[in-house]
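Taking it in order: structure first as structure tokens, then the write-up.
The values are calculated or read from the model by the stated rules, or taken from the named source; none is laboratory data. This is a predicted model, so every value here is computed, not measured. Heads up, the Cβs are rebuilt from the backbone with ideal geometry, glycines too, and the neighbour counts pull from every protein chain shown.
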Amino acid sequence: MSTVDLPRPGAWPGLWDPPRSPWRARAAEALFRRAARTLPVRVLLPDGRRLGAGGPGAPVMLLHRPEAFFHRLGADAKIGFGEAYMTGDWTSPDLAELLTAFAARLTGLVPPVLQPLRRWVERRQPAAERNDPAGARRNVQRHYDLSNDLFRVFLDETMTYSSAWFATPDQPLADAQMRKVDGVLDYAGVRSGTRLLEIGTGWGALAVRAARRGAEVTTLTLSAEQKALAERRAREAGVADRVTVHLRDYREERGRYDAAVSVEMIEAVGAEYWPAYFAAVDRSLVPGGRFGLQAITMPHDRMLATAAGYTWFHKYIFPGGLIPSVRAIEDTARDRTALRVTDSRAFGRDYAETLRRWREAFLRRWDEVAALGFDATFKRMWEFYLAYSEAGFRVGYLDVRQFAFAK
């Protein structure tokens, strides 16, 4: 195997010294070898041995430090696999392709006979990451307050951090993002004079777009970084008089509106608070009001199976998060509110393309990210995050959908 430039230990407490349990490492190695026998990949070990059923053109996993890798998997497979990539225990020259191959067999990697044991060995989400008002603010700030300049590096000029909706495969990303925004606004019936509530500001692209339609926009965020930039962008667009940005939890909102929108914010709410989220929308809308929602979704049975689990994504990317199912969204709205779904559309493959473009921009412009003070371990963490997310949408494990609700 060729040598690689591996990240070095730094300001990542605990990452470089995983818990060690020889018997759990041996069990993890046995399960990994068993799973690899049927996967269309090539796993190359330092001694020249190979695992996997993939041929010459199959994606490659370079296992540089097998002992550390299997100890991480044995300690906690849902966290250890990603941490092993962060530390360089394994690498891949075609990471997204490799993870797509793994994701396609995700539910079958653990033998059925061992599935019931998962609840005894898998970690649960920590109480400190519950999405009560204080916890939600902490969770959001851990991700979205990293740096506006970081996100500016890999997002397009609209600074839109959610799936685009492509009219053609080669459509510019900024245009596809605005098509998505217009789709949500159309579902909510936003036009001149509409009093609009947005839950989850992002960096203001939707609020500005709605204000240009003539709407009066109130938008809520828990990120101080996002609030500052969204307000500046509204001023630069000449619509500051029609856009008000509040650093406010959705549960605190008491205004009355003709329409509401929320784009990929529900994933940060948590199942415990979905009723409160939909109740806040319902309470805010006048009779006949409309709600446009965009949400990442997953199959209902997988959502139920993984709802309490604590994964690499919770630890490093989105603390407290849970991706809902279509059924969970529709049932919660029906049972807890006067909101009813009138239309919806799915475009999960567009999210895979969006993530591919983000990942390539992030890696291409890494020098700019490094100049902001982020280290090589952060680079590999975000590369893994973007590539694994892309893989999930490629294989249909994840989807993204826009919903139109009417009150």
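What to note about this one:
- Applying the criterion of being modelled with pLDDT under 75 and not β-branched (Val, Ile, Thr) to the residues of segment 2-17, the residue that is nearest to residue 47 (Cα to Cα) is 2.
- Residue 254 meets the stated requirement of being surrounded by fewer than 22 Cβ atoms within 10 Å (Cβ to Cβ) and assigned to a loop (DSSP other than H, G, I, E, B).
- No other residue among 195, 212 is charged (D, E, K, R), out of contact with any helix residue (DSSP H, G or I) (no Cβ under 9 Å at 6 or more places or on another chain) and modelled with pLDDT of 95 or more apart from 195.
- Here 270, 309 are screened, and the one residue that is assigned by TED's automatic domain parsing to the domain that holds residue 352, surrounded by fewer than 21 Cβ atoms within 10 Å (Cβ to Cβ), in contact with a Lys or Arg (Cβ under 8 Å, 6 or more places away or on another chain) and within 25 Å of residue 143 (Cα to Cα) is 309.
- Unique residue being in the same structural domain as residue 315 (by TED's automatic domain parsing), out of contact with any strand residue (DSSP E or B) (no Cβ under 9 Å at 6 or more places or on another chain) and surrounded by fewer than 20 Cβ atoms within 10 Å (Cβ to Cβ) when the list is 370, 391, 387: 370
- Residue list for segment 226-248, restricted to those being farther than 18 Å from residue 160 by Cα and of a type in the set (D, E, K, R): 241, 242, 248
- Across segment 147-185, the qualifying residues are those that are β-branched (Val, Ile, Thr) and buried (at least 22 other Cβ atoms within 10 Å of the Cβ), and the one among them that is nearest to residue 317 (Cα to Cα) is 160.
- Residue count for segment 273-304, restricted to those that are in a helix (DSSP H, G or I) and either outside the structural domain of residue 204 (by TED's automatic domain parsing) or at pLDDT 95 or above (or both): 13
- Screening 91, 38 for residues that are buried (at least 18 other Cβ atoms within 10 Å of the Cβ) and of a type in the set (S, T, N, Q) leaves exactly one candidate, 91.
- Qualifying residue in segment 242-249 (condition: of a type in the set (Val, Ile, Thr) and assigned to a helix (DSSP H, G or I)): no
- Matching option when the condition is of a type in the set (Ser, Thr, Tyr) and in contact with a Pro (Cβ under 8 Å, 6 or more places away or on another chain), among 325, 344: 325
- In summary, residue 355 fulfils each of the numbered conditions (1) of a type outside the set (Asp, Glu); (2) under 20 Å from residue 166 (Cβ atoms); (3) more than 19 Å from the chain's Cα centre (by Cα) with the single exception of condition (3).
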